[in-house]
Every structure is written in structure tokens, then in C-alpha cells.
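Please treat every number below as a calculation from the coordinates, not as lab data. Source: prediction; values computed, not measured. Cβ coordinates were reconstructed from backbone atoms using ideal geometry, including for glycine residues, and neighbour counts include every protein chain displayed.
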Amino acid sequence: MAQKELLKVTNLKQYFPIKGGFLGRTVNHVKAVDDVTFEIFEGETLSVVGESGCGKSTTGRAILRLDEPTAGEIEFDGGDLLALSKSDMRKKRKDLQVIFQDPYASLNPRQTVAQILTEAMAIQNVIPKKERRKRAIELLETVGLNAGQIDRYPHEFSGGQRQRVGIARALSVNPKLIICDEAVSALDVSVQAQVLNLLKNLQREFKLTFLFIAHDLGVVRHISDRIIVMYLGKIVEIADKKSLFDNPQHPYTKSLLSAIPTPDPEAKKERIILKGDVPSPIDPPTGCRFHTRCPFATDLCKTEVPDLRNLDHMKEGHRAACHHIEKIVTGDMQPT
Ligand code: SF4
């Protein structure tokens, strides 16, 4: 049976104006996300990875309309998200929740956990008032905390526990999609694993769909069904987890994966070091944005933007944006 698309993002652009001069006019734009298209199927975890500044968190914020997108379409659960008025969008947030990186910053320090959880239920009016506290206790237990902690303040919890409160808050309105924006990045490795396992269990129990934004490929490997790799505001590769980790196709993805340490010290792994730094998103390179750092770049790469396309030699759904992938894979093109 075909999977149901829960979210479809088409040609999304997010440009931020740069003001300058005496009159404070717009003199340029930061092209944080530039023509990005992807879909999320119901019940899956789709991760977005890339270095800092690649546009992954901006993509998440645009879907939530925390920043209004510059252009593009966002279809969610069969409806046009960008056509909603501000008040309708507020109601829609019941279905579209977010878990941020820093739970301490995203939880009101003057509210108890009971207030934090029941406030979300009250705003969305999902549960009758007299049942909200009972539901808050159930949620706390669902995320591995206990009823005795319900009247505590955020500062009385550890980082991992605070993130569990953040997860309980997201669950309190029965969402369809949860955007996890670097949700475990601030946690110790052992706590990270616990929170990732919790998210996976909750996904099974509540049939949740996740858009998981992270820079750490080890984390992404643990939780994802499919993975998008972004570079400088563009998607360079998208594939299911196994296909991406076993057979990365895009030169940028290969370099990212080559940097992951292997548990086996005997295993030989060649680290691909890229030349130079990531260029500025204010004035990104023409053609393929990766051409200034790519060891295979040709003149064509400098002028023509490569399409994100299906690769005939790979599993269906494995797409990448590179003019020369077939030749690189067969060895007909060598790095310079
Ligand atoms: Fe490298 Fe050219 Fe492919 Fe871009 S299109 S990744 S520059 S070979």
C-alpha cells in the first residue's frame, strides 16, 4: 500500500533581507533556503542533516511559519499551510509541534510542569479543564518522569529530564507531526541515547511523524527512516537511511560520512577533507553550490545548477543533485 504524504514542501525559498545604507534599504539577501522540495510520509522519521548554516533549521521554522517563507508551497495533511490566516495557523499548530534544542530556554522558568503542560492543552482546547492535570500526569509518566514531579519548576530538573518535559508538552495536544530541531544536541551522549529511544517508542505508540533536524550523523543514523543532506540552502541528496549510509552518492555526503568515527579501530576508512570553508549564503557560488569545494568540479558545475534527480543505478527514491554522479561512481571521473 502506498504511503500517505503528510507534508509536501515544494520549491521552498527563505531569503532574509540585509538592510544597509543611510535609509536602511534592503541591499542584499541571505539565501538561507533556496528551492527545496521534499515530502514526509505518515509515520516516518525524516532527518535533515548538514553543517551549521546549511538551512536545515530555517526549513523547520518555515514549515511552522515561525518565519514566513519567501516563496514555495507547503501542503500539510491535505491543506495549504501558507493559505491559513494567522489565527487559523495558531489552531493548526495543534497538529504541528516542535521540540527545540535548549529545553531550558523553551520552557517558562516561572511555570511549574503542571502549568506548562496544561497551558498547551488550554490554548488548543483539546481536553476539558478538569481533566487536564490528570492528563499532564499521564504525559509525565509516558515520557519517563513521575507524578511527584508535576509541581516542580524547570530548574529543578536535569537537562535530559527537561527535554522529556519538552516532549510531554509537544505530545499534550496530540500532534500529527513533531519537528525536532537539534532536540538532543545539547545532551550528554548517554542521555541522548535515552531520549532518542524514548522518541522512537513514542512514535510507535502514538503513530507520530518526525522531521528530525540535526548536525550529528551518528544521531541521525539512530533515529531516521530517510535522510536529507543539505548544503548551503539546497538539498544535495535524499535517500532511505540504509541506502545513504551504505552507498552515499553525492561528493558532499561522502565527505560528511567519512568524518564519522568507526567503532572498529582496525577498520580502514579514508577521511575526505574538503578544501576551503562553506561560502557565504549571501553570495552563494553559481551553478552547483558545492563546486568551490568539490574535487570533481568541472566548468559545467560552475554555471548550471544540478537537478535533484532519481538515480537509475540506485534504489528508487535515492535522489542526488550532481551533474557527474554516474561517472564518479564508475570511476570514469577522478578527483583533481
Ligand atoms: Fe561536484 Fe559538479 Fe557534482 Fe557539484 S555537480 S557535486 S561540483 S561534480
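Does segment 183-311 come out rounded, prolate or oblate, given a ≥ b ≥ c as the square roots of the eigenvalues of its C-alpha gyration tensor, rounded meaning a/c under 1.5 and, failing that, prolate meaning a/b above b/c?
Verdict is prolate for segment 183-311.
If N is the number of residues in the chain, what value comes out of its Cα radius of gyration divided by 2.2 N^0.38 Å?
After normalising by residue count via 2.2 N^0.38 Å, the value is 1.07.
Once the other residues with Cβ under 10 Å from the Cβ of Leu12 are scored (Lys, Arg +1; Asp, Glu -1), what is the net sum?
-2
Over the chain, with a Gaussian network built from C-alpha contacts below 10 Å, which listed residue (Glu237, Glu44, Glu270) shows the highest mean-square fluctuation?
Most flexible of the set in this elastic network: Glu270.
Let me spell out the model: positive unit charges on the Cβ of Lys and Arg, negative unit charges on the Cβ of Asp and Glu, origin at the Cα centre of the chain. What dipole size does that give, in debye rounded to 20?
The calculated dipole for the chain is roughly 1060 debye.
Taking 0.36 nm per residue of separation and subtracting the Cα-Cα distance, what length does fully extending Arg25 through Glu119 add?
Difference between extended and current length: 29.8 nm.
With a sphere of radius 12 Å drawn around the Cβ of Arg132, what net charge do the other residues whose Cβ falls strictly inside it have (Lys, Arg +1; Asp, Glu -1)?
Once positives and negatives cancel, what remains is +2.
Across segment 170-182, in residue order, what do the Karplus-derived ³J(HN,Hα) couplings come to in whole Hz, using 6.51 cos²θ - 1.76 cosθ + 1.60 with θ = phi - 60° and x for Gly and Pro?
My calculation for segment 170-182 gives 4, 6, 4, 10, 6, x, 9, 10, 10, 9, 9, 9, 6 Hz in order.
Given only helices, namely DSSP H runs of n ≥ 4 each adding -39500 (n - 2.57), what is the per-residue ellipticity at 222 nm of the chain, to the nearest 500 deg cm²/dmol?
Taken over the chain, the calculation gives -9000 deg cm²/dmol.
Let a ≥ b ≥ c be the square roots of the eigenvalues of the Cα gyration tensor of segment 249-336; is it rounded (a/c under 1.5), or, if not, prolate (a/b larger than b/c) or oblate?
It is oblate, given that a/c is not under 1.5 and a/b is not larger than b/c.
Return the single residue from Asp151, Asp225, Asp102 with maximal mean-square fluctuation; model: Gaussian network over the chain, springs between Cα atoms under 10 Å.
Largest GNM mean-square fluctuation: Asp151.
Give a residue-ordered list of calculated ³J(HN,Hα) values for segment 311-321 (Karplus: 6.51 cos²θ - 1.76 cosθ + 1.60, θ = phi - 60°; whole Hz; x for Gly, Pro).
9, 4, 7, 10, 4, 4, x, 7, 10, 8, 10
When a/c reaches 1.5 or more, the comparison of a/b and b/c decides; with that in mind, is segment 1-115 rounded, prolate or oblate per its Cα gyration tensor?
Oblate, since a/c reaches 1.5 and b/c is not below a/b.
Might you report the magnitude of the Cβ-based charge dipole of segment 106-174 about its Cα centre, with Lys and Arg at +1 and Asp and Glu at -1, to the nearest 20 debye?
Magnitude of the dipole: close to 140 debye.
Can you tell me the Rg and Dmax of segment 106-174, counting just the alpha carbons, in angstroms?
When restricted to Cα atoms, segment 106-174 yields Rg and Dmax of 10.7, 31 Å.
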